[in-house]
Amino acid sequence: MYYSTMYDERIQGFHYASEPDRLQQVSEDRVRFTGRHSIHTLTHTDEHWQCDCASYQRRDAAHCEPLFCAHVIAVERLLHN
């Protein structure tokens, strides 16, 4: 079940990345991302992005690797490609 959720998150992240209007740069290390249900804040620290969404927070609390969510995938693709 966990792998299915990871796959779905990645697919959603790729979909989000095709919609750059969802992204708003707040500062050099902070962006706002409009998801399907709410707006999320992502912060760049220690060479990676962190998101305030529930999915990212769950993975972080469980010490899961790789640590990501659909929003992080989209932001990485939009800002680093």
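Quick notes on this one:
- Checked against the criterion of being within 14 Å of the chain's Cα centre (by Cα) and either on the phi > 0 side of the Ramachandran plot or in contact (Cβ under 8 Å) with a residue 60 or more places away in the chain (or both), the range 23-46 has no qualifying residue.
- Sole exception among (1) modelled with pLDDT under 95; (2) surrounded by 13 or more Cβ atoms within 10 Å (Cβ to Cβ) for Cys51, by number: (1)
- Residues that are over 20 Å from Tyr7 (Cα atoms), among the charged types (D, E, K, R) and part of a loop (DSSP other than H, G, I, E, B) do not occur anywhere in the range 64-73.
- For His40, the criteria (1) in a loop (DSSP other than H, G, I, E, B); (2) modelled with pLDDT of 95 or more hold in every case but one, which is (1).
- The range 3-23, subset of a type in the set (Gly, Ala, Ser) and loosely packed, with under 13 Cβ neighbours inside 10 Å, residue nearest to Arg59 (Cα to Cα): Ser4
- Residues that are among the β-branched types (Val, Ile, Thr) and in contact with a strand residue (DSSP E or B) (Cβ under 6 Å, 6 or more places away or on another chain) within the range 27-40 comprise Val31, Ile39, listed in sequence order.
- Considering residues of the range 10-37 that are in a helix (DSSP H, G or I) and of a type in the set (Lys, Arg) only, the residue nearest to Cys69 (Cα to Cα): Arg10
- Scanning the range 43-56 for residues that are in contact with a strand residue (DSSP E or B) (Cβ under 8 Å, 6 or more places away or on another chain) and part of a helix (DSSP H, G or I) yields a single hit, Tyr56.
The values are calculated or read from the model by the stated rules, or taken from the named source; none is laboratory data. Given the structure is predicted, the values throughout are model-derived calculations rather than measurements. For neighbour counting, all protein chains shown are included, and Cβ atoms are generated from backbone atoms with ideal geometry for every residue, glycine included.
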